[in-house]
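Data first, discussion second: the structure below is written as structure tokens.
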Amino acid sequence: MKIVILGGGESGFGSAVLARKEGFDVFLSDSGKLKEEYKSRLVLEKIEFEEGGHTLDRILDADEVIKSPGIPDEAPVIKAVRDKGIPVISEIEFGGRYCKARHICVTGSNGKTTTTTLIYELLKAAGLNVGVGGNIGDSYAYQVATSDRDWYVLELSSFQLDGTYSFRSDIAVLTNITPDHLDRYHYNIDEYVASKFRIIRNQRPEDNFIYSVDDELTMKYVCDHQEHMTMRSLPFTVRDTLLEGAYLDGGRINISLGGRELTIDPASMKIKGIHNIYNAMAAAMAAMLAGVPDDTIRDVLYSFGGVEHRMEVVEETGGVLYINDSKATNVDSVWYALESMTRPTVWIAGGTDKGNDYERLKELARQKVRTLICMGLDNRKLMDSFTGVVPFIYSTSSLDEAMERVATVTHAGDCVLLSPACASFDLFKNYEERGRLFKESVRNMNLIKSRIEERE
């Protein structure tokens with residue numbers, strides 16, 4: 001059987017290693033340049049590959065294609081593959097065929113990285129043999145090829161779920177659904193919602209589905225498809241009390257699962273905000289289902305400091321607090337970030353717009369944001385949206401220019417929040433690079449100020 005892998009990043013590389021281990025004829029093709037570490041390993045594994053373009057005849061000779069999640073369905077090479085009737089799957093689908101471990105899978109528009117990381121830390125602290133992968137950590141397929149786990153905790157994007165067919169989650173977690181990536185879904189929210197709900201595809205009555213009853217789009221889908229949902233459904237909410245599931249009462253998280261009761265005090269958690277209460281509820285329920293003891297759950301939730309690039313406190317210098325929320329690539333993520341602001345805020349936003357509607361942010365921006373610094377190659381939509389809402393708005397076309405503007409507009413007591421609401425691809429490789437460079441600039445703020453003074 002001939003397997004072709006399109007895309008040679010973490011996902012594609014891992015899929016290639018697993019395909020070779022399972023004895024397939026493997027060919028990897030990437031239109032860009034492969035990392036040297038991946039090329040060296042592919043050579044070592046005797047896996048044929050190409051970079052800098054696609055040899056279509058070779059690709060169309062495949063029996064099956066594994067597509068990296070970053071490649072859109074509209075890409076010419078994918079259209080050609082589908083036109084020939086060659087099955088196209090994701091790394092998750094492929095890896096699941098050869099994995100005997102149990103899976104806790106997390107998806108959602110927001111909160112999935114924090115929730116996934118929390119679940120992983122909870123299971124690890126309980127001494128379980130667990131790996132983490134999907135959208136974070138090492139490639140899931142690579143781990144399946146090279147290690148033997150009892151559990152995997154996988155963060156799954158809609159793009160990864162789109163290529164799953166037989167893959168099954170033992171425990172599925174859906175944090176929420178808000179409009180995101182609509183440019184990849186024909187600007188059709190129903191297509192995006194259906195993509196997210198692929199996480200419960202193939203679940204059996206003995207499997208578990210954890211979801212927010214406070215999320216409108218989630219509940220609409222659940223209500224419309226209730227007769228097909230045979231798995232055990234476990235809700236969480238901050239608005240009501242529940243007989244089974246997680247809810248907020250008297251300022252405390254209460255969880256009831258099959259007669260087991262657990263109480264968590266959010267005031268003792270390092271990660272703050274209503275969004276992190278939701279994340280903690282979902283993670284704690286998943287951990288309880290995996291058999292993690294109550295004391296371990298509390299200890300981990302109370303000590304967990306968050307994930308990089310998500311409401312990450314960089315430092316406070318000159319009386320100004322800097323927060324790196326580069327992972328906030330959609331409007332809903334930014335809403336939670338702004339909602340948690342307690343200081344006058346200088347908000348850095350912008351990048352590659354994914355069809356955003358900024359209306360939801362306007363009231364919070366009016367209350368909390370003193371200055372908006374737009375950072376992108378095309379800032380017109382952001383500037384038009386918040387003119388008359390935020391007192392001061394500036395357009396910048398690079399991080400250096402944005403940070404120089406920060407240096408001139410901030411005062412002691414302010415908070416500078418990088419929370420872009422957009423993808424990073426106009427100026428950066430990814431949101432991680434954007435966040436790292438922002439943190440470097442914050443730590444060099446004195447040099448930036450000196451440079452400004454010298455010019456003046």
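The values are calculated or read from the model by the stated rules, or taken from the named source; none is laboratory data. What you are looking at is a predicted structure, and each value in this text was computed from that prediction instead of being measured. Using ideal geometry, Cβ is built from the backbone for each residue, glycine included, and neighbour counts are taken over all protein chains shown. What goes into the accessible areas is simple: the full protein's heavy atoms, side chains included, and nothing from ligands, DNA or RNA. Shrake-Rupley method; radii C 1.70, N 1.55, O 1.52, S 1.80 Å.
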Margin query: Need a quick list: strands (runs of 3 or more DSSP E) entirely within region 1-92 having at least 1 residues that are among the acidic types (Asp, Glu) and over 15 Å from TYR142 (Cβ atoms).
Written below: 25-30, 48-51, 64-67
Next item on the list: Filter region 103-154 down to residues that are within 25 Å of ASP295 (Cβ to Cβ) and among the acidic types (Asp, Glu) and give me whichever is least open to solvent (accessible area, probe 1.4 Å).
Entry: GLU121
Margin query: Looking at region 266-291 only, could you name the residues that are hydrophobic (A, V, I, L, M, F, W, C) and open to solvent by 10 Å² or more (accessible area, probe 1.4 Å)?
Written below: ALA267, ILE271, ILE274, ILE277, MET288, LEU289, ALA290
Notebook entry, point to check: What is the number of the single condition among (1) open to solvent by less than 20 Å² (accessible area, probe 1.4 Å); (2) part of a strand (DSSP E or B) that PRO420 does not meet?
Noted result: (2)
Check: Given the conditions (1) at pLDDT below 95; (2) of a type in the set (Ser, Thr, Tyr); (3) part of a helix (DSSP H, G or I), and given that TYR120 satisfies all but one, which numbered condition is not satisfied?
Finding: (1)
Margin query: Taking the conditions exactly as written (open to solvent by less than 30 Å² (accessible area, probe 1.4 Å), in contact with a helix residue (DSSP H, G or I) (Cβ under 6 Å, 6 or more places away or on another chain) and among the aliphatic types (A, V, I, L, M)), does ILE59 satisfy them or not?
Written below: no
Margin query: Looking for something within 24 Å of GLN160 (Cα to Cα), more than 20 Å from the chain's Cα centre (by Cα) and in a loop (DSSP other than H, G, I, E, B) - is there at least one such residue anywhere in region 232-252?
Written below: no
Check: With respect to VAL193, is the statement that it is open to solvent by less than 20 Å² (accessible area, probe 1.4 Å) and either modelled with pLDDT under 95 or under 22 Å from SER11 (Cβ atoms) (or both) true?
Finding: yes
Next item on the list: Answer yes if at least one residue in region 342-354 is part of a strand (DSSP E or B) and surrounded by fewer than 21 Cβ atoms within 10 Å (Cβ to Cβ), and no otherwise.
Entry: yes
Next item on the list: Residue by residue through region 10-39, note down the ones that are in contact (Cβ under 8 Å) with a residue 40 or more places away in the chain, under 24 Å from the mean Cα position of the chain (by Cα) and open to solvent by 30 Å² or more (accessible area, probe 1.4 Å).
Entry: GLU10
Notebook entry, point to check: Which one of these is surrounded by fewer than 18 Cβ atoms within 10 Å (Cβ to Cβ), in contact with an Asp or Glu (Cβ under 8 Å, 6 or more places away or on another chain) and basic (Lys, Arg): ARG380, ARG455, ARG451?
Noted result: ARG451
